[in-house]
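Data block below; observations after.
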Amino acid sequence: MKARLLLAILFAATLGAGPALAQRVPVPIIDHPNLSVANSSGKPLQADQVKQAIQEAAKAKGWSLAYEPSGRILATLVVRNKHTVVVEIAYAPDKYSIMYKDSVNMKYAPDAQADPRVNTANSGPNRSGYTGGVIHPFYNNWVGELKEAIRVQLLKT
Amino acid sequence: MTLPNSIAVLSLLVALGAGPAIAQRTPVPIIDHPKVPVATSSGKSLEAGQVKQAILEATRLRNWQVGEEPGGTMLASRSWNQHSIRVEISYAGDSYSLKYRDSVNMNYSARGDNDSRPNYYSSLRNAPRPTGRTIHPFYNQYVQELKDAIRVELLKL
């Protein structure tokens, strides 16, 4: 799968035309609400420690952070100056969440029905009738990696 | 489209030599973005200077060159291969505007007569030939991406 992906990107680069991410069918956005905080020692954490774990993970994965007055964190990932995704991270001592906020050049559409390709080109069992937001599948990969990095960082705390 | 399919299509394009990468797409009406409201995640209002900084950061990220013009507007240009577009950006504390200025080698027409295929529009149902300014669809795409990038920068403030 990785090799195929690389091949596709190589072809697109050879053409020099059009965005490299263009040809994949948008998929439903996966948000991550209410993830539980778990660490290896099992002792309860402070909100600040959760925040620090998020900061460490974001730094390691190349996301930049901004802080909202509400206490939530706005995390931004810019990929090759071509694609940008923004997620909003809320946290408490016992849980945190990672939710879609905004994006640039990621084929985002707020309503799956707006993209006729979503329902016709995918044969997934739960696809028909889906009306939430859709986006390029790389979004879910990138956010999934961030989520994993935060989980690992919390484990170490 | 699945990944193997996209590889096949791309390979075909490579095999055909594809000519000038940008040439053959149907011109589309130019989309300007007047008076886009400034929205921050904190909800606080901004100074014009902060909006300007956000615009500068977005243009830098998306590889646009920016010059200042008398009267407080900015002129942003983006060039790639043999193509170039220029967009006029004006801004205030509460809104900003992106307007077409000019372009090079983008199949621009002020009268919508830049499609060399005479029967193209009559072959599409419900698609009258546009009569206003038209241009290669990459123009709208790149300007939309710049607009999205500015929105994301403002979101962080």
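Brief remarks on what is shown
- Qualifying residue in the stretch B:45-59 (condition: touching a helix residue (DSSP H, G or I) at 6+ places or on another chain (Cβ under 8 Å), at the interface with chain A (Cβ under 10 Å from one of its Cβ atoms) and at pLDDT 95 or above): yes
- Matching strands (runs of 3 or more DSSP E) fully within the stretch B:38-157 where at least 3 residues are under 30 Å from A:Ala90 (Cβ atoms): none
- Residues located in the stretch A:52-94, provided they are over 13 Å from A:Lys147 (Cα atoms) and part of a helix (DSSP H, G or I): A:Gln52
- Selection status of B:Glu145, touching a helix residue (DSSP H, G or I) at 6+ places or on another chain (Cβ under 6 Å), charged (D, E, K, R) and within 14 Å of chain A (Cβ to nearest Cβ): no
- Applying the criterion of being surrounded by fewer than 15 Cβ atoms within 10 Å (Cβ to Cβ) and of a type in the set (Asp, Glu) to the residues of the stretch B:79-113, the residue that is modelled with the lowest pLDDT is B:Asp113.
- A:Ala66 crowded, with 18+ Cβ neighbours inside 10 Å and small (Gly, Ala, Ser): no
- Just one of the numbered conditions (1) within 13 Å of the chain's Cα centre (by Cα); (2) without any contact (Cβ under 8 Å) to a residue 40 or more places away in the chain; (3) assigned to a loop (DSSP other than H, G, I, E, B) is not true of A:Gly42: (1).
The values are calculated or read from the model by the stated rules, or taken from the named source; none is laboratory data. What you see is a predicted model; the values in this text were computed from it and never measured. Note that we place each Cβ from the backbone using ideal geometry, even for glycine, and neighbour counts take in every protein chain shown.
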